[in-house]
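Below you'll find the structure, written out as structure tokens, and then a few comments.
The values are calculated or read from the model by the stated rules, or taken from the named source; none is laboratory data. Please read all numbers here as calculations on a predicted model, not as lab measurements. All Cβ positions, glycine included, derive from the backbone under ideal geometry; neighbour counts span all protein chains shown. To get the accessible areas, we keep the full protein, side chains included, count just its heavy atoms, and leave off ligands, DNA and RNA. Shrake-Rupley method; radii C 1.70, N 1.55, O 1.52, S 1.80 Å.
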Amino acid sequence: MDELTDKVAVVTGAASGIGFALCEAFAAAGMRVVLADIDPAALEAAAERLGGDALAVPTDVTSWDAVDELEARTVERFGAVHVLCNNAGVQLPGVTWEFTRAEWEWVLGVNWGGVVHGIRSFVPGMVAHGEPGHVVNTASLGGLIAFPGLAPYTAAKHAVVGLSEVLAHDLRAAGSAIGVSALCPGPVHTSLRENSAVLQPGGEHSREVPVLTSPRTPAEDVAAQVVDAIRGNRFWILTHPEYNDQIRERSRGIVDTDELVVAQL
């Protein structure tokens, strides 16, 4: 997708972090931007920061109806969608067998269900209008290698990677001009954990969500890589090459050594 000027981009989880950085990058490229987030106040503030004719739509991505409404309002305002970024995400740490049903449903509902809902609500229309487009699904480094203590998050992100691969195959088989990227970032300067602590089932005092203290990449750098991938129609967006050896080690473990890789930040 070479030309982005005057095209329309929709970003979920857009009020902060990678989501807002994507919105800024798309606006800088001349695109019209639709911001979606579950926090109406933060979303409105983000839209004001972005300026221009940005459209802000409060959206709970775990809801089919809410994401359908996001698509309807976008098409009503701008006529079509060219770039869809299924980016909303949350995270909870803990021991695999100690997560509650509500915690599993919440983490999977946002990280996995949000991507499913975005694809189902937006991709049919993107295919039907026949213009070049692109879908970016935010997975994670945790969608390629497993980090102990993050079972629901890791399960969801692995699912996002697989879904993205199948989506790309299906679109190619259909002769569509829509590309797909799986965004697999490592540690990034975002408020993922802070937001997760507040939004988790039962509220911010339910489970401790420690803030990540390891070196983190600016969200703006990740957004720039996403724009480059869209322009170049690249599937894999691995933002942290320092982890590539761990990914290779896991692949060797699958086919050669039967070893489990313990992912390290």
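Spin-label model, residue 228 to residue 173: label points 7 Å out along the Cα-to-beta-carbon direction sit 3.2 nm apart. Each Lys and Arg Cβ is given +1 and each Asp and Glu Cβ -1; about its Cα centre, the range 19-153 then shows a dipole of about 320 debye. Among the GluC sites (Glu not before Pro) within the range 1-66, those in coil by DSSP and having at most 14 neighbouring Cβ atoms inside 10 Å are 3. Accessible surface of residue 71, taken over heavy atoms with a 1.4 Å probe and every protein chain present, rounds to 40 Å².
Mean-square fluctuation check for the chain, GNM, Cα pairs under 10 Å: which of 79, 143, 186 is largest? Its mean-square fluctuation being the largest, the pick is 79.
Taking Rh as the Kirkwood radius computed over C-alpha pairs, what is the Stokes-Einstein D of the range 1-94 at 4 °C in a medium of viscosity 1.567 mPa s, expressed in µm² per second? Translational D for this selection: 99 µm²/s. When all protein chains stay in place and ligands, DNA and RNA are ignored, the 1.4 Å accessible-area order of 254, 119, largest first, is 254, 119. Span-like helix check, the chain: qualifying full DSSP H segments, with Cα axial length of 24 Å or more and mean Kyte-Doolittle of -0.5 or more, are 151-173. Here's the picture: charge each Lys and Arg Cβ at +1 and each Asp and Glu Cβ at -1 in the range 72-154, and of 152, 95, 112 the one pushed furthest to the positive end of that dipole is 112. Relative to the compact-globule estimate of 2.2 N^0.38 Å, the Cα radius of gyration of the range 55-147 comes out at 1.23. Accessible area per residue was computed with a 1.4 Å probe on protein heavy atoms; residue 169 scores about 110 Å². The figure for residue 39 is an accessible area of roughly 70 square angstrom, using a 1.4 Å probe on the protein chains alone.
From the Cα gyration tensor of the range 91-250, with a ≥ b ≥ c the square roots of its eigenvalues, which class applies: rounded if a/c is under 1.5, or else prolate if a/b is larger than b/c, or else oblate? Taking the square roots of the gyration eigenvalues as a ≥ b ≥ c, the range 91-250 is prolate. Rounded to the nearest 500, the 222 nm mean residue ellipticity of the chain from helices alone is -14000 deg cm²/dmol, with -39,500 (n - 2.57) taken per DSSP H run of at least 4 residues.
Tell me, how many Å apart are the Cα centres for the range 234-260 and for the range 4-46? Between the Cα centres of the range 234-260 and the range 4-46 lies a distance of 31 Å.
Summary of packing: across the peptides 259-265, 88-94, 222-228, 31-37, the per-residue average of other C-beta atoms within 10 Å ranks them, highest first, as 31-37, 88-94, 222-228, 259-265.
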